[in-house]
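*Asks:* Below is a structure I'd like to ask you about.
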Amino acid sequence: MPLNIDWQQILLHLLNFVILFAGLWLLLYKPVRKFMNSRREHYEKMDADAEKKSAEAEEKRAEYEKKLAGADAEIDEKRSAARRELDGYETMRKQAAEEEADAILVAARESAAREKERAVAEARGEIAGLVTQATEKIVLRESASEAYDQFLDAAEKSEKKDGGDA
């Protein structure tokens, strides 16, 4: 044996190395690799779930934005309908107020005309009564100045009476 090399020892060390390598492979490398693969799959699954949930959230956000835009449009439409209804009601109330004002004016004119006719009729009646009294006094031959004074007094009383009512 040159150089003092024992082939049996080298083969024995090589066999020990192979057994050690196989043992470590089975006991350490395979379980660690299996654990790492399962961990990677777990995180990939979590990432996929997160992306899926993010996509669903984005869809819902888009749907809600569309609904919100629709709600805004509906609100504007209802607001304009309410404005039109209010304008119609306002026009109707204005027209009713004008009709009522016209009716009040007509009634007031009629009342004023009746009051005027009544006042004219009263005045005519009083004038007729005064003329009758004056005529009776003249016929009875009362003095003309005395009858004239009574006529003026009656006219003054009548004027004060009419002026006090007005």
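The values are calculated or read from the model by the stated rules, or taken from the named source; none is laboratory data. All values derive from a computational prediction rather than experimental measurement. Cβ placement follows ideal geometry from the backbone for every residue including glycine, while neighbour counts extend to all protein chains displayed. All accessible areas refer to the heavy atoms of the entire protein, side chains included, with ligands and DNA or RNA removed. Shrake-Rupley method; radii C 1.70, N 1.55, O 1.52, S 1.80 Å.
*Asks:* Tell me, what % of the accessible area of segment 66-166 is carbon and sulfur with a 1.4 angstrom probe?
*Replies:* 57 percent
*Asks:* Over what distance in Å are the Cα centres of segment 102-116 and segment 51-101 separated?
*Replies:* 48 Å
*Asks:* Relative to the longest principal axis of the C-alpha atoms of the chain, give the angle of the C-alpha long axis of helix 7-24, reported between 0 and 90° and rounded to the nearest 10°.
*Replies:* So the helix axis and the longest Cα principal axis differ by about 20 degrees.
*Asks:* Once you charge only the Cβ atoms, +1 for Lys and Arg and -1 for Asp and Glu, what is the size of the charge dipole of the chain about its Cα centre, to the nearest 20 debye? Before the final figure, lay out the partial values.
*Replies:* Working: 28 positive and 36 negative charges, 420 e Å.
For the chain, the charge dipole is close to 2020 debye.
*Asks:* With a 1.4 Å probe and every protein chain left in place, work out the accessible area per residue of the chain in Å², rounded to a whole number.
*Replies:* 92 Å²
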